[in-house]
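To keep things clear, I will list the structure first and then write my remarks on it.
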Amino acid sequence: AQSVTQPDIHITVSEGASLELRCNYSYGATPYLFWYVQSPGQGLQLLLKYFSGDTLVQGIKGFEAEFKRSQSSFNLRKPSVHWSDAAEYFCAVGAAAGNKLTFGGGTRVLVKP
Amino acid sequence: EAGVAQSPRYKIIEKRQSVAFWCNPISGHATLYWYQQILGQGPKLLIQFQNNGVVDDSQLPKDRFSAERLKGVDSTLKIQPAKLEDSAVYLCASSPRGGTNGEQYFGPGTRLTVT
């Protein structure tokens, strides 16, 4: 069975500082990996996805993530955060067939001015 | 293009009452999903439709939850009777095709409070 662990429940970062959110997954085959962001009262918005190829993927809003098969990780990064990046971030893994997504528990990001 | 629409956005009911949620996916999307997101947790898939057929309902509490997508477009999710632990946000998502890229587009959700 597939599973996702996001070890950090909360992260506080100063505006302009770098951000890294951790994600570890468990999946028997090559995973389809996703990062979603959820602002208060909003649905989930896709930031980026990885299926194959280059292990460093670029997403929207200046985010990037790196797939490391040896570590079963798919960490999300942003070089310089903006106050509008305060939100909850979810990592998810999907199967190649069927598209069922399994989500991690989420990391809430707070941005200090 | 219009996104995934859901209604109502908020609902408060008493335990043992019934409630229904509605979802209209993005036009042309064949796959539709219902997720339950309990406060402080990630979304959990309840049911997945491909057109009007059920692909996966393994985590749907079938004694009280039901869902349908009769014409392969919009869908309703019903809870009868509701329990306190059903308090959550119910998210609907849709996907343009199944089995290839897995990308899902989410609606704003319906926040259910059971008192």
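For segment A:1-36, the tally of residues that are closer than 21 Å to A:Ser72 by Cα, among the aliphatic types (A, V, I, L, M) and surrounded by 14 or more Cβ atoms within 10 Å (Cβ to Cβ) stands at 4. More than 23 Å from B:Leu45 (Cβ to Cβ), within 13 Å of chain B (Cβ to nearest Cβ) and of a type outside the set (Phe, Trp, Tyr): is that true of A:Ser52 in this structure? For A:Ser52, the condition - more than 23 Å from B:Leu45 (Cβ to Cβ), within 13 Å of chain B (Cβ to nearest Cβ) and of a type outside the set (Phe, Trp, Tyr) - is met.
Within segment A:41-74, the set of residues being in contact (Cβ under 8 Å) with a residue 12 or more places away in the chain, more than 15 Å from A:Tyr27 (Cα to Cα) and surrounded by 17 or more Cβ atoms within 10 Å (Cβ to Cβ) comprises A:Leu44, A:Leu47, A:Leu48, A:Lys49, A:Gly59, A:Phe63, A:Ala65. Are any of the residues in segment B:46-54 at pLDDT 95 or above and out of contact with any helix residue (DSSP H, G or I) (no Cβ under 9 Å at 6 or more places or on another chain)? Taking every residue of segment B:46-54 in turn, at least one turns out to be at pLDDT 95 or above and out of contact with any helix residue (DSSP H, G or I) (no Cβ under 9 Å at 6 or more places or on another chain). Of all residues in segment B:51-76, those satisfying the criterion of being under 15 Å from B:Cys23 (Cβ atoms) and in contact (Cβ under 8 Å) with a residue 40 or more places away in the chain are B:Gly72, B:Val73, B:Asp74, B:Ser75, B:Thr76.
In segment A:26-45, which residues are touching a strand residue (DSSP E or B) at 6+ places or on another chain (Cβ under 6 Å) and over 12 Å from A:Leu101 (Cα atoms)? Hits for segment A:26-45 are A:Ser26, A:Val37, A:Gln38, A:Ser39, A:Gly43, A:Leu44, A:Gln45.
Restricting the search to segment B:1-21, which residues are in a loop (DSSP other than H, G, I, E, B), surrounded by 13 or more Cβ atoms within 10 Å (Cβ to Cβ) and either in contact with a His (Cβ under 9 Å, 6 or more places away or on another chain) or among the aliphatic types (A, V, I, L, M) (or both)? Within segment B:1-21, B:Val4 is the sole residue that qualifies.
The values are calculated or read from the model by the stated rules, or taken from the named source; none is laboratory data. The model shown is predicted, which means the values in this text are computed figures rather than measured ones. As a convention, Cβ positions derive from the backbone with ideal geometry for all residues, glycine included, and neighbour counts pool all protein chains shown.
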